[in-house]
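The values are calculated or read from the model by the stated rules, or taken from the named source; none is laboratory data. Computed from a predicted structure; not experimentally measured. Positions of Cβ are backbone-derived with ideal geometry, glycine not excepted, and every protein chain shown enters the neighbour counts. Heavy atoms of the whole protein, side chains included, go into the accessibility calculation; ligands, DNA and RNA do not. Shrake-Rupley method; radii C 1.70, N 1.55, O 1.52, S 1.80 Å.
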Amino acid sequence: MTAARATLASWWDGDLLYRFRRSPVAIVSLLVAVLLFAVALGADAIAPYDAFDPAAANVVDARLPPGSAGMYGETYLLGTDPQGRDMLSAMIYGLRTSLMVGLASVVLAALVGVLLGLVAGYFGGVLDAVIMRIADVQLSFPAILIALLIDGVTRTALPREVHDALAVPILVFAIAASFWVQYARTVRGLVLVERNREYVLAARVIGVSTPRILFTHILPNVLGPVLVIATINLALAILTEATLSFLGVGLPSTQPSLGSLVRIGNEFVFSGDWWISAAPGALLVLLSLSVNIFGDFLRDALNPKLAS
Amino acid sequence: MSFLLGRLGQTVLVLLVASFVAFALFRYVGDPVNNMVGQAASMADREAVRRALGLDDPMVVQFARFIGNALRGDFGISYRFGQPVAALIGERFPATLELSLISMVIATGLGVPLGVWTALHRGSVLSQVLLAVSLVGVALPTFLIGIALILIFSVGLGWLPSFGRGEVVALGGWTTGLLTVSGLKALVLPSVTLGVFQLALIMRLARAEMLEVMRTDFIRFAKARGLKPRAIEYRHALRNTLLPVITIVGLQFGNVFAFSIIVETVFQWPGLGLLVIQAIQFADVPLLAGYLVLIALCFAVINLAVDLAYVAIDPRVRGSRAAGRAT
Amino acid sequence: MNALLQVENLRVEIAARKRRLVAIDDVSFEIAAGEVLGVVGESGAGKSVTGTAVLGLLEAPAVQAGGRILFDGRRIDTLSEEGMRALRGKEIAAVFQDPLTSLDPLMTIGDQLTETMLTHLPMTRAEGEARAGELLAEVGIPAPRERLQAYPHELSGGMRQRVVLALAFCCAPRLIIADEPTTALDVSIQAQILDLLRRMCRERGTAVMLVTHDMGVIAEVADRVAVMYAGRVAEIGPTRQLIAHAAHPYTRGLMASIPSMRRREKELTQIPGAMPRPDAPVAGCAFHPRCPQAFARCAAERPPAFPVGAARVACWLADPAFEGVPA
């Protein structure tokens, strides 16, 4: 994939880096996002307590406000939840879950979408018509509804234990199922342009195989827009997961994500224990905002039509 | 005309797909017989119910029957509530529709002017600030906005109710919260919550469209004709911007319907969304199927409305009268 | 000097990332009342930018960085936005390349004509509409009164360019900037539109700055020609003189590339190489890397414009002090 590397390299020392260096907002958003990724990766080392260890939860310490000391002298920087779990630890593990689900569904959606888009754009004909029709129909339904429906169906079809055990893959699939369309459409449009370019025609004439043309010649040229969509979709996927978990149809409470933490806290909003929902909510916003802002920057920087 | 026919074909396809998914849910997910007679029934009883339900017929016949029933508004009995699905949906529909409409009015009414204004004043500080705020609006999860608003305006200040619809007035089969003070007050927080994301999105899209139109040749030619800036911006650019914006607003209306599920959960708003969440959690298949078909129908109606708006605004869609049309 | 338009030492720069690129450098020419000046050159030579600068429609990142533009003896490049707007469409009109995109698709042709006239002329709406019908008849549109109600998409490309001409002439301007007015049209229609443009200008005494890359068009229509190369004027003079005795090697190259009935025996030639882009300027004469007659001085020093007969030629070969290439 030297062509892909060359394309990426040319953005890097060209316009992209220049624009990046001159945009403090982009720099800060990327820094925050990278920091959050790092925290999520190092959750086991960073979190003060193990959020999954029932022994670490202490019901006596339930719903303590931020900064409280626990029964055994623990300090709860961000307070505790209704089960006496350390909020900060729960949030760090929740962040990891949220990011994992978000990244996995973006990767899945991108793989499926790019592949279908390449195929539809390059081969055209019936295949193209069928793929794009499916995309059209699916685009008529909001992402969250499709995800809800898939979750509902699997919930009905599978026994509860099985569904809980498979919660993460199901969730990833449910989110990816509604996001692939955008990649497919974008890539198809780009391929339609690229496939008539001279270099592709030349490659075809000298007998380069179709998969090789698709993956080494055309793919690198559509990676930029795919990267932009993927970044913006990562924020969307994280929000979708959080929303589903908040609605109680996402991850089970044994595997908290930021969304399910907010859901737990939501029951205590009226009793004044605001931190149980506000703290994971704030972290979710920070994550979503940083990824979103960086995605927005990427889109502007890589879209020559918008650049003035 | 071909435009309208093509769009109509698309709509029918969407409706059919949705109906088929609903039917497949109904027929193949879980066992309808089990749900009707319970686990304890004898084999003979089951067989009788099977036949009575027509589950032995070919799939096509069953699907046709499902569509026929759906057309009459018959989706069977909800497993969880033990009431006809149509009645349940009919009872909850007004609450969701009012909520969605009001928030869409807020989002469009503010979003389009703000988008146009920020496009025309690209360099100004206020425009940059609005753009940044709109990015936050897109990035905020709806349920958190709802919780934050409740914390501030209900728990903190005690100004507005945090749940329910307030007093409603029945007009025929329709219940409305728009005619009572408590109903209107109850509507404020949920509709704002539901509208924030749409407002930000519509504003950003309207801005992008307006910028796009301002770069077109006919705007450049309008400038070369010496037209006044106001005429160029509002008579020419704005009208051309509105076309795609209408499509977006139509599409977003469907999203608002879906997002009402979240808002109704946060605010315990007695609408369809709350019903659907329960249907999903309790695998209430008939209710899910009915909801799915209703949603598809709503999309069909919205699409039709968008297409009609196009016909009204865009002469190119209306078809040509004069001869010598360019190919 | 009774020139209608005088452009003196015009310089246009484009603000790029770290530096300012020079798009137009030291361009001077004038157009007399009723005269047709053809401006030719390859794409990117600065023809359109010059026209845009005269119209006062340069947009960031392009800015006028030097020189003066005078219309009717009055400086117009320093006019206020509003002052220039009042001039555009009334005194200086424009015709752009693509008739398909020059007209607002959502407004009838009659309304676009009326709107332009009402902006500049003291007349009532009814008078404007009546005049719009007459104008369509003058540009040769059949059934003009009915066509007032037509939308642009209902007309063919040639008809639309006639409408654009009607729009340009509707306020009886004294100068028209025609930027590739026939390039986007079918070959069969190009001649008709060109004829129409020439006839209308002659009847009304309107001067034209005709921007094109097509020497054939120039030969047919223009009184004088300005040949542009890399943002500068290479040669400017009467059309006949340039066609018969071009002094600049670049002009000669251009002439050799026109298919001509009289020079049937000769093959069409092409100038090898490519014009330097603004981001990679060439020292000395911009044409020297491609010039078959270049010598040392060409690469070192930029030639000023030397008078040759009625023409002005920016080439060291035209220097009266030139005594042959040093050995």
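Here are a few things to note about the model shown:
- For residues of B:142-155, the mean tally of beta carbons on other chains within 10 Å: 5
- The calculated FRET efficiency for residue A:17 paired with residue C:80, based on their beta-carbon distance and R0 = 35 Å, is about 0.30.
- Ellipticity at 222 nm from helices only: DSSP H runs of n ≥ 4 in chain C, each -39500 (n - 2.57), divided by the residue count, give -9000 deg cm²/dmol.
- Whole-Å distance, taken between Cα centres, linking segment B:96-119 and segment B:144-176: 20
- Cα centre as origin, Lys/Arg/Asp/Glu Cβ charges: chain C dipole, Debye: 660
- Helix C:109-120 and the longest principal axis of the Cα set of chain C meet at an angle near 80°.
- Each peptide in B:241-252, B:126-137 was scored by the mean count of other Cβ atoms within 10 Å over its residues; highest first, the order is B:241-252, B:126-137.
- Taking the DSSP bridge list for chain C and keeping only pairs wholly inside it, about 60 percent are antiparallel.
- Heavy-atom accessible area with a 1.4 Å probe sorts C:229, C:151, A:199, largest first, into A:199, C:151, C:229.
- Rounded, prolate or oblate (a/c below 1.5 giving rounded, otherwise prolate when a/b exceeds b/c) for chain B by Cα gyration tensor: oblate
- Dipole magnitude of segment C:102-171, debye to nearest 20 (Cβ charges: Lys/Arg +1, Asp/Glu -1, about Cα centre): 120
- When both bridge partners sit in the protein assembly as shown, DSSP labels roughly 65% of those beta bridges antiparallel.
- Cβ-derived FRET efficiency at R0 25 Å, residue C:43 paired with residue C:283, nearest 0.05: 0.60
- Nearest-10 value in Å² for the accessible area of residue C:107, using the 1.4 Å probe: 20
- Relative contact order for segment A:94-306: 28 percent, from Cα pairs under 8 Å spaced at least 6 residues apart, divided by residue count.
- Across peptide A:150-162, the average count of Cβ atoms from other chains found within 10 Å of a residue's Cβ is 4.
- A 1.4 Å probe, protein heavy atoms only, puts the accessible area of residue B:209 near 50 Å².
- R0 of 60 Å, Cβ-Cβ distance residue A:202-residue B:87: FRET efficiency to nearest 0.05: 0.35
- Measuring between their Cα centroids, segment B:188-258 and segment C:21-81 lie 34 Å from each other.
- Measuring between their Cα centroids, segment B:64-88 and segment A:190-268 lie 38 Å from each other.
- Pair residue A:123, residue B:239: separation of 7 Å Cα→Cβ label points (nm): 4.6
- For the residues of C:86-96, the average number of beta carbons from a partner chain within 10 Å of their own beta carbon is 3.
- Here's the picture: charge each Lys and Arg Cβ at +1 and each Asp and Glu Cβ at -1 in segment A:81-211, and of A:147, A:88, A:122 the one pushed furthest to the positive end of that dipole is A:122.
- Three-way shape label, the protein assembly as shown, alpha-carbon gyration tensor, a/c 1.5: prolate
- Nearest-ten-degree value, helix B:85-120 long axis tilted from longest Cα axis of chain B: 20
- Two-site label geometry, residue C:240 and residue A:157: point separation in nm, points 7 Å out along Cα→Cβ: 8.7
- Total charge dipole magnitude, segment B:174-306, about the Cα centre, Cβ charges on Lys, Arg, Asp, Glu only, Debye to nearest 20: 960
- 10 Å Cβ shell holding at most 16 others, DSSP loop, trypsin sites (Lys or Arg not before Pro): longest site-free stretch of chain C: C:20-261
- Charge dipole (chain C, unit charges on Cβ, about Cα centre) - positive-most of C:76, C:311, C:16: C:311
- Modelled spin labels at residue B:69 and residue C:146, positioned 7 Å past Cα toward Cβ, are 5.8 nm from each other.
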